[in-house]
Structure formats: C-alpha cells, structure tokens
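Any read-out appearing in this document is the output of simple, stated calculations on the displayed coordinates, not a laboratory observation. Not measured: the values here are computed from a predicted model. No Cβ is skipped: glycine too gets one built from the backbone with ideal geometry, and neighbour counts run over all protein chains shown.
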Amino acid sequence: MSEGRMRKQDSITPPPSGSGLYDVAIAGGGLAGLALSIQCAQAGYRTILFEKEKYPFHKVCGEYISFESWNFLEELGVPLSQMNLPIIRRLLVTAPNGKELEQSLPLGGFGISRYKLDAILAEIARQNGVELIEGTKVEEMKFENETFCLQTIAGNYQAKIAIGAFGKRTNLDVKWKRKFILQKPNKLNNYIGVKYHIKTNWPEDLIALHNFENGYCGISQIEGNRYCLCYLTTARNLERCGNSIPDMERQILSHNPHLKKIFEGSEIISRSPTTISQISFEKKEQVYNHLLLAGDAAGMIAPLCGNGMSMALHGSKIAFEQIHLFLQNKIPRWQMEQDYAHTWKKEFSSRLRTGRMVQRFFGNVFLSDLLISVLKPFPSITDKLIARTHGQPF
C-alpha cells in the first residue's frame, strides 16, 4: 500500500466547499480521474473533480480488466472479491474468414461494466471527501503564477495542481491544438467505436477478438450474466454503409462467421449502441503546459490488447506518487512533471508500441489471416506478444 493511502488518519479538514484554493483539480471522471481523486483525498488533499456526464452512464469500452489492477482497485475500496465477477482466462482471435487462434491468458482478467465500476468509484470518491461536480464541462485550464484556473459552466476554480483525465478527444484537445489532433486521418487516428450490452450464449472465461474488414470486435462477459460487445472500425466503413450502423454490421462485420452468429443469436439489451468517433491511437504527451495528463488523454493502447483500463488505473497511481511528493514540498514542480512523464513512458511505452504494431495486422483481411496462421503453431510466441501488452500487479 502506498504512503499516501496510509496517511488517511492524518487528513486535514478541508475548507468549505466551493471556496479557496484546492490542492488538486481533475477534469474528467473516468477510471484515471476517479482513482486519482480517491488517492489524493485519502492522503488529506483537498480535491475537486469535474465530470461532464452524470453517474451512472455508459462508455465505449471493452470492459475487460487484467488482473494487474485487482489489488489496486480493492485498496481503493472496490469490493471485487464480493461481487462474483466473471473470471476470464482464455483468448480467442479470429480472422475475417473465420480462422481461429485460441490461447490461455498468462495473467487473466475479469469483466465489469464501466456503468457499474465508474459509479462505484464515484461513490467511494464522495465518501473520501472528493468534491465531485457532475454534469459540468471544463472549458479551459490555465496555469498562471503557480496556480491553475479552471473555467467551467459552474464558475471558476483554482488549484495548486490540475490533471486532465478527460478522455480520448475533447474540446480542450481541440482548443489547445494538441499534436495528435493535427495529424491527418490515417489507420491510427480515424476510428469509431460502438458498444452494446447483450445476452448470448458464450463461455464465461473466454474473451474473443473477431476481425473484419478494417476493424475488430471484442466480446466478453460482465456482471449480471450480460456480455459486452464492442467494436472499432474506420469512419470510412460507416460511410460506405450510408452511415447506418445496422447496415454496416450486416454488410461488413457479419462477413466473419463468428460475428454473424453473435449478431443473429444475441439479444441486445441496450436501447441503442453507445458510440464514439475520431478515436486516435497516435502518440500523446503526458504533460501539457504544466498540466498532468492521465488515462486516455495521456495515450491509448489498442483495445485488442485488452488492458487500457489497467493502464488508466496504473497511470493514476504513477501520477499520485509524484503529486504527493510535490504537495509535501519534497520536489519542485518541474521535477514532478519530468518524473511523471518519464515513469509513465517507462511503464507503458513498450505496450503502446506493441499495440500499434498489432493494430496494423488486425482489421486487414490478409494480414490478420497471416498473423493467426503464423502464431497458431507457436503458442510461446503468442504468450510473449500478450505479455508485451500487459504489466504486473501494482
């Protein structure tokens, strides 16, 4: 357990809500933002978090978490051991023509919806004293005179440290003209994501990644005997089908016989799919104008690698460790920023490189078939490839 979480008994009494200077302000209440807010509040720091939506809500996400995050989530207060969640031990990958590769997962993972997990973390944050402002978008975050000013529709707020944990692509990314926003459309930055919750006949311990032309679709069990069906594809695929998601699923995704069977034999629980556009897997910076970036704002791993949620959670711990040192006056701001970016890259850069490499094979009809044909006789190589996209318990 980190020193910060052990200091809960030494917590200071925060000033009245909505006044004065916060120690930490976080824009974005996804996994990274919520986990970081809890760590900061448990360490006694006055913390405020802004989320543009209201909990609970759905997000486009594969909803599979590798076991590297289990202990960390339980330390935060999530009672995973009591939730009877599906434990996932096997991986199935298929090519568009239906060719299969099945492999055991060296570490394994578990399934839980973002609808449930984010709401649990939000409640834990409130219980620990985080000032959680829902339904509020942050319009600007400026650094002046060693203080951040956050402009929101609810008013302006000031903090010693600010963190951008605002997701894949936001109004702030566009306003600041971050480098990945300026990239021309290519195979790494022009994806759309679609997610359903379904009822179907599928093994509880198996996660699958089914390839189709210019995309791939994952399926795995979550809580309540439901399944997450989530896929990524190019904006061009959707345009080819008259911008109709059902038509795209019939005309393109269902060319893979495994996906055809899933779509024809499943009951869709969601009234309509949760969607997101302009997803980018380009390289991103971890610090922008003294603002620490966390979660998807700092960099995304291809979902086919199966542990973006763990990256967000682990990244929050890395950020907290540096924030804690800074707020204790043990290191200056420049060192906090430098050490955070260095540690983040050391932990995740290899995963991101591997994910981008594999991304180029997946979604390509010929290359995905070739990759499965090459890997199938050599399970040890597949194990190493999986290991390069996953970390160790933290």
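Using θ = phi - 60° in the Karplus curve 6.51 cos²θ - 1.76 cosθ + 1.60, the 3J(HN,Hα) couplings for segment 239-252 round to 4, 4, 9, x, 6, 9, 5, x, 5, 5, 5, 6, 8, 10 Hz; x is entered for Gly and Pro. With respect to the cross-link table entries Lys283/Lys317; Lys116/Lys199; Lys52/Lys195; Lys260/Lys283, which display a Cα-Cα separation exceeding 23 Å? Listed pairs above 23 Å: Lys260/Lys283. The ellipsoid equivalent to the alpha-carbon distribution of the chain has semi-axes of 36, 22, 20 angstrom, derived from the gyration tensor eigenvalues as √(5λ) and listed largest first.
Going by the alpha-carbon gyration tensor, a ≥ b ≥ c the square roots of its eigenvalues, is segment 252-394 rounded (a/c under 1.5) or, if a/c is not under 1.5, prolate (a/b greater than b/c) versus oblate? In terms of gyration-tensor shape, prolate. Computed from backbone phi, the HN-Hα couplings of segment 378-394 come to 10, x, 5, 5, 4, 4, 5, 5, 5, 4, 6, 9, 10, x, 9, x, 10 Hz, rounded to whole numbers (Karplus: 6.51 cos²θ - 1.76 cosθ + 1.60, θ = phi - 60°; Gly and Pro given as x). Stokes-Einstein diffusion for segment 40-158, with the hydrodynamic radius set to the Kirkwood value over Cα pairs and evaluated at 10 °C in a medium of 1.306 mPa s, equals 91 µm²/s. Based on C-alpha pairs under 8 angstrom that are at least 6 apart in sequence, segment 192-271 has a relative contact order of 36 percent. Pairs of Cα atoms nearer than 8 Å and 6+ residues apart set the relative contact order; for the chain it is 22 percent. Computed about its Cα centre, the charge dipole of the chain is approximately 900 debye, with only Lys, Arg, Asp and Glu carrying charge at their Cβ. Annotation: amide H of Glu213 has no partner in the under-5 Å range at sequence separation 5 or more or interchain, hydrogens built in the peptide plane.
Phi-derived couplings, Karplus 6.51 cos²θ - 1.76 cosθ + 1.60 at θ = phi - 60°, listed residue by residue for segment 62-71: x, 6, 10, 10, 5, 5, 4, 9, 4, 4 Hz, with x used for Gly and Pro. Where only DSSP H runs of four or more residues are counted, the chain gives -10500 deg cm²/dmol as its mean residue ellipticity at 222 nm, each run worth -39500 (n - 2.57).
Taking the three principal axes of the alpha carbon atoms in segment 212-304, the coordinate ranges are 50, 36, 22 Å, sorted in descending order.
Around the amide H of Tyr288, modelled in the peptide plane, lie the amide H atoms of Leu293, all under 5 Å away and 5 or more residues distant in sequence or on another chain. Net charge in the neighbourhood of His314 (other residues with Cβ under 9 Å of its Cβ; Lys, Arg +1, Asp, Glu -1) is -1.
Run the dipole for segment 251-394 about the Cα centre, Lys and Arg Cβ at +1, Asp and Glu Cβ at -1, nothing else charged, and hand back the magnitude in debye, nearest 20.
On the way: 17 positive and 11 negative charges, 51 e Å.
Dipole of segment 251-394, to the nearest 20 debye: 240 debye.
For segment 111-169, which GluC sites (Glu not before Pro) pass both filters: DSSP loop (anything but H, G, I, E, B) and at most 13 other C-beta atoms within 10 Å?
Values: sites: Glu123, Glu131, Glu134, Glu139, Glu140, Glu144, Glu146; in loops: Glu146.
Within segment 111-169, the qualifying GluC sites (Glu not before Pro) (loop, at most 13 other Cβ atoms within 10 Å) are Glu146.
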